[in-house]
Amino acid sequence: MTSLLGRRRPSRQRRPVVLLRPVPGTSVIHRLWAGTKLIVVFVFSVLLAFYPGWIPIALTAGAVLIAARLAHIPRGALPTIPRWLWLLLLLGMVTATLGGGDPVLQVWSAEVQIGGLLKFLRFTALSIVLLGMGAMVSWTTNVADVAPAVATLGRPFKAFRVPVDDWAVALALALRSFPMMLDEFRLLYAARRLRPRPVLPDARARRRRWLIEMVDLLAAGITVALRRADEMGDAITARGGTGQIAAAPARPVARDWVVLGICAAVCVVSVFVEIRYF
Amino acid sequence: MTSTRPGAPSRNSPDMASAPTGRSLTPVEMAQAAVMAALAAALAIVSVVVPFAGGLSLLVTVPMGLLGYRYRLRVLLAAAFAAATVSFLIAGISGFMVVLNCAYVGGLTGIIKRRGRGTPTVLAVSVLAGVLNGLMVIGALMVLVRLRTLTFEAMTANFDGVVTAMSKFEPFRQGAQDARAVFGLALQYWPVLLMTYSIFTIMLVSLVGWWALSRVLDRLRGIPDVHKLTTLTESAPVAPVPVRLTDARFRYPGADHDALRPLTLTVEAGEHIAVTGANGSGKTTLMLLLAGRQPTSGSIERPGAVGLGRLGGTAVVMQHPETQVLGSRVADDVVWGMPPGTHPDIDRLLDEVGLSGMAERDTGGLSGGELQRLAVAAALARRPALLIADEITSMVDQRGRESLLAVLSGLTERHRMALVQITHYDNEARIADRTLALSASSDNMVMVAQAAPPAPSVEPAAVGRTPVLELRGVGHEYAHDTPWANTALTDVSFTVNSGDGVLIHGGNGSGKSTLAWIMAGLTTPTTGSCLVGGRPSHECVGEVAVAFQAARLQLLRARVDLEIASAAGFPPSDIRRVVAALAAVGLDGSLARRRVDQLSGGQMRRVVIAGLLARRPKALILDEPLAGLDADSQRGLLRLLTDLRRNTGLTIVVISHDFVGLEELCPRTLHLNRGVLS
């Protein structure tokens, strides 16, 4: 899929955000059933939401890192982290350290209370692990495999009259349309850049102008999207409505069960340690 | 040939009428849900990644609001699920929550709009929604004790740190201590705080969303509905051929002329018929009748049901490659929509349309011609008795066109089916057994007068030519330094002089669009330089104008005069300059007050060019200027551009995969192949 910003500052090359496109190549992680990856991410997220302790964070982070290693994810896959984010992180660390709290660390003769810092670091680590898990899914999963997996996973919900099949088809088509929509916005953004900036007297007029411009952009985007939707509706009708969405939907195999087993083990160990010792 | 999209569902919208509650989504509902979901997800992501667009996140509610306004709740729910899942795949759990929230608020505003209520209702409902949302968040945090404790402790640590630092300075000490007290109090009463925050934000987002939705709906009134096919409820066994039309005539409801004049025609099994005719002659309408619409008068007889998309029934392939293909992977697209349990021989089908070995490829990377051949394969998978190919070559480049025709030409011999091939190119009809030429209905042609071409206003360009665009060793790599790195251009050097007409010709993926973006300064090349009048192009964006292929996306304002004024940078009240700008592209001044959505494709292109030219650009780049236009509009636009170049000395660069008819406009041609000039 497209990288979002075609424009780049010539002075310092930044790595762009590349969306929904797996890292080229294949590996055991690439070959896992998409549903397995979704389950693991879901289970780990729930685990971390209930027990955001160091042990669960370390275990899940370890799992993510091992998976990244197995999937041969190069460092270049990470987008460049903007400098202000580093600064913000540093600022947070400094203020959290000043906040004090137990435990106390002896640095030569000085005593530093690092309780606050530890809390801050734990919170930051938690956020990074959550982001990392999501990133691993998009780096190793072909978008075409997501909707069939969701359809399979959602099957139990049919008992509650959730229209799982409809939702899976909508998801498949949304993933198919997403790159077109992104291109649309890239183009809208470019079209806007090509125009002269209106000279406006004051901040209020500028704000107003900005709002109106956003609505203009949105209206143009929606108009084109509606046309696309009309045509797509015709294409669906021409195929006799909805039905299959994948030629050979994947099923979980042995390696998936192994991964799910590891995932379960991580959860059991984490919960046990958290309840027993904290 | 189009009816008007109802602005409100109450005006007998076909979508609402054909959608009984409690049933699964109709094709139209499904497509709308998916596209709006993709739009909402894209908005949410763009608002995070692109610097200027932060506020766009407030508008993620609008696509969902639109769905809530126009369709059943079921559609909204499917779209919300799809959008949330897409953003989950990109931004993780937080993306999921953001989009879900926006769907919640947007859906509510849409439903309120549909009920015809006003701002007070929005306020009241948003307070209620805020309370509900707050209760849910509080409930979740009540359960997730440890997460709550950690978050609060981390916040307290940061806050205490700031307070400690401030307290070192005497003048701030008191304030800092007070702030700590307030902060502590706030954490103690966190549910109250969260509830207030929830109500406030939901109210704000609802009001902004409501305002934006109202404005967008205003703008969407009068957009032509291009949706054509309808699902039929048929009980008879499927048998669409032989089909016999007797004096069949069709008029769209509310139209004042026939879209198809009385026609008598028989399509026998195994026959290959070509249908030709200009725009407005009723070619597409004939397709609709063959696909199951009832004629306004006359009769249409067939032995059984039409069976649109069913096994042994009728298959239709249409014009736009991108929206024809529904699967994300080639093999998936072939079976897309077939009843569960049917397994056609995918490899054989792909072989037949010349896509051998591509079953596992992503459809996103296919060229227009390949996409259309894939759509034909998907049609053949249904072993249709009647295949209708409706202008499937018109959006495809020359090579793609030839390969498509090669696929079509032997179909009726290899399969037991009738083929109706609709085309506006007479030379494509020669592969058919017989040709039916439809004549245009008299009052159905060009609806807006086009003024005479502009008189030469400037002396022919000076002969002493100066370089306008200089490219020296330009190379570009997308996603540089990542695993997805993709070289689009390598060492491209050429110069365009003032008054030149240059065609940059290249196929799909040749890097020609990247080149256009670089010349316009929208993309900074990774290596080499692109100079506009001696300055790097990315430092003078706007001096070189670009008319993109998707003209509609470049028309950002609602009305022609506003659009031209905005693009050119003068006040919209200056009607004289608007009219002059329109005249320069051969459009009548009476178009000035027209809404852009009521323009034809050719007029849209011209209005874009008018806005760009009014700024007196150093050069005009046109990306596929003729794509999607019918033959008449193509000729007219070419004439206009040629005259402009000759009479005003305008420098023109055309980017195209076609060179038919461009010789006069662009005497100089550069061939681009895989990013290299040859």
Cα coordinate range in the range B:243-444, projected on the principal axes (Å, largest first): 48, 36, 33
Roughly how far apart, in whole Å, are the Cα centres of the range A:171-216 and the range B:557-594? 21 Å
Percent of Cα-Cα pairs per 10 Å bin, from 0 to the last occupied bin, for the range B:467-677, please list those. 9, 35, 35, 17, 4, 0
B:Ala140 neighbourhood, Cβ < 13 Å, K/R = +1, D/E = -1, net charge +2
Taking a ≥ b ≥ c as the square roots of the eigenvalues of the Cα gyration tensor of chain A, is the shape rounded (a/c under 1.5), prolate (a/b larger than b/c) or oblate? oblate
Magnitude of the charge dipole, the protein assembly as shown, Cβ model with Lys/Arg +1 and Asp/Glu -1, debye to 20: 2020 debye
Over the whole of A:141-147, what's the average partner chain Cβ count within 10 Å per residue? Rounded to a whole number, please. 5
Need one number: % antiparallel among DSSP beta bridges in chain B, to the nearest 5. 45 percent
Other-chain or far-sequence residues with amide H under 5 Å of B:Arg668's (modelled H): B:Gly501, B:Leu503
Rank the residues A:Ile275, B:Ile223 as a footprinting-exposure proxy: fewest other Cβ atoms within 10 Å of their Cβ go first. A:Ile275, B:Ile223
For B:Glu271, B:Glu391, A:Glu111, B:Glu29, order by how many other beta-carbon atoms lie within 10 Å, fewest first: A:Glu111, B:Glu271, B:Glu391, B:Glu29
Along its three principal axes, how long is chain B when you only count alpha carbons? Whole Å, largest extent first please. 93, 75, 52
When the charge dipole of chain B is computed with +1 at the Cβ of Lys and Arg and -1 at the Cβ of Asp and Glu, the Cα pointing farthest to the positive end, of B:Thr642, B:Gly511, B:Gln554, is that of B:Gln554
Which of B:Val122, A:Val112 has the fewest Cβ neighbours within 10 Å, and the rest in rising order: A:Val112, B:Val122
Summing -39500 (n - 2.57) over the DSSP H runs of n ≥ 4 in chain A and dividing by its residue number, what mean residue ellipticity at 222 nm do you reach, to the nearest 500 deg cm²/dmol? -22000 deg cm²/dmol
Please turn the phi angles of the range A:78-88 into ³J(HN,Hα) values with the Karplus equation 6.51 cos²θ - 1.76 cosθ + 1.60 (θ = phi - 60°), one per residue in order, whole Hz, x for glycine and proline. 6, x, 5, 7, x, 4, 4, 5, 4, 4, 4
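Over chain B, what is the relative contact order in percent, taking alpha-carbon pairs closer than 8 angstrom and at least six residues apart?
11 percent
Remind me, relative contact order of the range B:467-677 in percent, using alpha carbon pairs under 8 angstrom and six or more residues apart? Could the numbers behind the result be given before it?
Working: 435 pairs, mean separation 63.5, N = 211.
Over the range B:467-677, the number comes to 30 percent.
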Largest fluctuation, A:Leu121, A:Leu98, A:Leu78 only, Gaussian network model of chain A with Cα springs under 10 angstrom, belongs to A:Leu98
If amide hydrogens are placed 1.01 Å from N in the peptide plane, which non-local residues have theirs closer than 5 Å to the one on B:Ile621? B:Ala545, B:Val546, B:Ala547, B:Val653
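Could you sort the peptides B:660-668, B:163-171 by per-residue average Cβ neighbour count (10 Å cutoff), highest mean leading?
Final packing ranking: B:660-668, B:163-171.
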Any residue on another chain or 5+ positions along whose placed amide H is under 5 Å from the amide H of B:Leu587 is listed here as B:Ala451
Which ³J(HN,Hα) values, rounded to whole Hz and listed in residue order, are derived for the range A:65-74 from phi using the Karplus coefficients 6.51, -1.76 and 1.60 in 6.51 cos²θ - 1.76 cosθ + 1.60 with θ = phi - 60°, glycine and proline given as x? 5, 4, 4, 4, 5, 4, 7, 6, 7, x
What shape does the protein assembly as shown have by the C-alpha gyration tensor, where a ≥ b ≥ c are the square roots of the eigenvalues, rounded means a/c under 1.5, and otherwise prolate means a/b greater than b/c and oblate the rest? prolate
Net charge dipole size for chain B [Lys, Arg +1 and Asp, Glu -1 on Cβ; Debye, nearest 20]: 1820 debye
Could you tell me what percent of the DSSP beta bridges with both partners in the protein assembly as shown are antiparallel, to the nearest 5? 50 percent
Before rounding to the nearest 500, sum -39500 (n - 2.57) across all DSSP H runs of length at least 4 in chain B and divide by the residue total; then give [θ] at 222 nm in deg cm²/dmol. -14000 deg cm²/dmol
Please average, across the residues of A:155-168, the number of beta carbons from any other chain that are within 10 Å of each residue's own beta carbon, and give a whole number. 3
Out of B:Ala614, B:Ala406, B:Leu326, whose Cα points farthest toward the positive end of the dipole of chain B (charges: +1 Lys, Arg; -1 Asp, Glu; placed on Cβ)? B:Ala614
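Give me a single rounded figure for A:194-202: the average over its residues of other chain Cβ atoms within 10 Å of their Cβ.
Average per residue, whole number: 5.
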Place the peptides B:540-553, A:37-50, B:326-339 in order of packing, highest mean first, counting for every residue the other Cβ atoms within 10 Å and averaging per peptide. B:326-339, B:540-553, A:37-50
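Throughout, read-outs are computed from the coordinates displayed, never taken from laboratory work. None of these values were measured; they are calculated from a predicted model. Glycine also receives a Cβ, built like all others from the backbone with ideal geometry; neighbour counts cover every protein chain displayed.
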